Amino acid sequence: MRYEGPIYRPPSEAGSLLIQATVGCPHNKCSFCMIYKKGPPYRVRPVAEICADIDDAHARYGNRVRTLFFPAGNTIAMPTADLAAICRHARERFPALERITVYGSSAAIAKKGATDLATLRSAGLSRIHVGLESGDDTVLSRIKKGTTAAEQILAGQLVKAAGIELSEYVILGIGGAALSQAHAVNTAKALAAIAPDVVRLRTLVPKINTLLLHQIRKGRFQLLSPHEILREARWLLTHLDSPTRLTSDHYSNYINLAGQLPEDRARLLAQIEDALTWDESRFRPIRIGTQ
Ligand code: SF4
């Protein structure tokens with residue numbers, strides 16, 4: 001198996017076989033993201049190479065492989081016929097495979113449309129991880145996400161309609177102090193319109209080599225304190241009116257909010273209220289540009 005450039009995968013894919021399908025990120029402009037900035041430019045690996053890596057993995061691991069993730073940053077953007085071909089090849093090689101997963105941006109998913117997504121579902125693609133980050137248009141524009149709330153809603157609905165499991169990632173604090181409430185409320189509205197299977201919370205940790213870190217250092221972006229992050233989470237949960245599972249499966253979060261909505265909303269809000277009584281020194285350290 002061969003890998004090129006940064007290889008990232010969601011924490012929930014920790015046990016998955018990683019077979020690289022694409023290199024880098026075709027967008028590569030988000031203000032908070034450093035992952036692929038210094039790596040090789042985006043490209044799609046040839047299907048024959050990817051299939052050879054699948055064969056190699058089969059020779060090593062056989063039927064122990066149960067879940068498969070195709071890095072890198074936006075594999076849904078690769079040509080549908082190519083992605084379908086490698087999904088089919090993986091399903092043939094690993095008949096016990098329970099899940100095939102990729103990262104996918106809303107822009108790329110919307111461009112694919114319903115027919116291509118149905119093709120991918122038939123070929124065996126079963127879950128897409130989408131970085132929603134925010135459902136607020138001003139925030140999306142400021143962080144250079146390259147999409148809008150309307151497009152994110154459309155993309156999420158297309159994925160769900162195709163019968164593909166959908167995880168949407170939200171970054172608490174990504175609107176800064178100025179847009180905290182708008183970010184929370186409009187993100188909740190977008191998620192309610194999408195009704196993803198899972199909402200995965202992250203909390204903003206400004207990373208080295210990012211535009212966002214530069215903006216913080218110039219005083220153009222005000223980072224939220226732990227209590228402000230919790231208030232933002234409270235707005236989000238109060239307005240999130242769709243059946244979805246909420247997880248906080250990431251080191252960046254100040255508290256572990258996890259449960260099924262709407263059933264667990266009251267418990268989660270009570271958890272936030274309790275954490276708001278803690279001194280802020282009890283939370284994880286605030287990391288700015290240390291990673
Ligand atoms: S957050 Fe995702 S879409 Fe944005 S630059 Fe990073 S990998 Fe690309």
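The values are calculated or read from the model by the stated rules, or taken from the named source; none is laboratory data. What you are looking at is a predicted structure, and each value in this text was computed from that prediction instead of being measured. Cβ sites come from the backbone with ideal geometry, for glycine too, and all protein chains shown count toward neighbours. Calculation scope for accessible area: heavy atoms of the full protein, side chains included, ligands and nucleic acids excluded. Shrake-Rupley method; radii C 1.70, N 1.55, O 1.52, S 1.80 Å.
Things to note:
- All positions within the range 272-286 that are closer than 20 Å to Val205 by Cα, free of Cβ contacts under 8 Å to residues at least 12 places away in the same chain and either open to solvent by less than 90 Å² (accessible area, probe 1.4 Å) or among the basic types (Lys, Arg) (or both): Arg282, Pro285
- Listed here are the strands (runs of 3 or more DSSP E) enclosed by the range 64-156 that have at least 2 residues being within 16 Å of the ligand (Cβ to nearest atom) and modelled with pLDDT of 95 or more: 99-103, 127-133.
- Inside the range 206-225, residues that are within 22 Å of Leu268 (Cβ to Cβ) and in contact with a Ser or Thr (Cβ under 9 Å, 6 or more places away or on another chain) make up a count of 1.
- Only residues that are surrounded by fewer than 24 Cβ atoms within 10 Å (Cβ to Cβ) and either in a strand (DSSP E or B) or modelled with pLDDT under 95 (or both) were counted across the range 157-166, and they come to 1.
- Meets criteria (open to solvent by 40 Å² or more (accessible area, probe 1.4 Å), among the small types (Gly, Ala, Ser) and touching a residue at least 40 places away in the same chain (Cβ under 8 Å)) for Ala177: yes
- Test: residue in the range 40-56 that is of a type outside the set (Asp, Glu), more than 14 Å from the ligand (Cβ to nearest atom), open to solvent by less than 10 Å² (accessible area, probe 1.4 Å) and assigned to a helix (DSSP H, G or I): yes
- Residue satisfying all of: in the range 17-33; in a loop (DSSP other than H, G, I, E, B) and in contact with a Gly (Cβ under 7 Å, 6 or more places away or on another chain); farthest from the ligand (Cβ to nearest atom) among these: Gly24
- Out of Ala85, Ala123, Ala149, Ala77, one residue alone is closer than 27 Å to Ser242 by Cα and either buried (at least 22 other Cβ atoms within 10 Å of the Cβ) or touching a helix residue (DSSP H, G or I) at 6+ places or on another chain (Cβ under 7 Å) (or both). It is Ala149.
- Some residue of the range 205-214 being surrounded by 18 or more Cβ atoms within 10 Å (Cβ to Cβ), hydrophobic (A, V, I, L, M, F, W, C), modelled with pLDDT of 95 or more and touching a helix residue (DSSP H, G or I) at 6+ places or on another chain (Cβ under 7 Å): no
- Residue match in the range 99-107 (condition: open to solvent by less than 50 Å² (accessible area, probe 1.4 Å), farther than 21 Å from Cys25 by Cα and touching a residue at least 40 places away in the same chain (Cβ under 8 Å)): yes
- Count of the range 191-216 residues, restricted to those that are of a type outside the set (Val, Ile, Thr) and touching a Lys or Arg at 6+ places or on another chain (Cβ under 7 Å), is 4.
- Applying the criterion of being within 16 Å of the ligand (Cβ to nearest atom) and in contact with a Phe, Trp or Tyr (Cβ under 6 Å, 6 or more places away or on another chain) to the residues of the range 7-16, the residue that is least open to solvent (accessible area, probe 1.4 Å) is Glu13.
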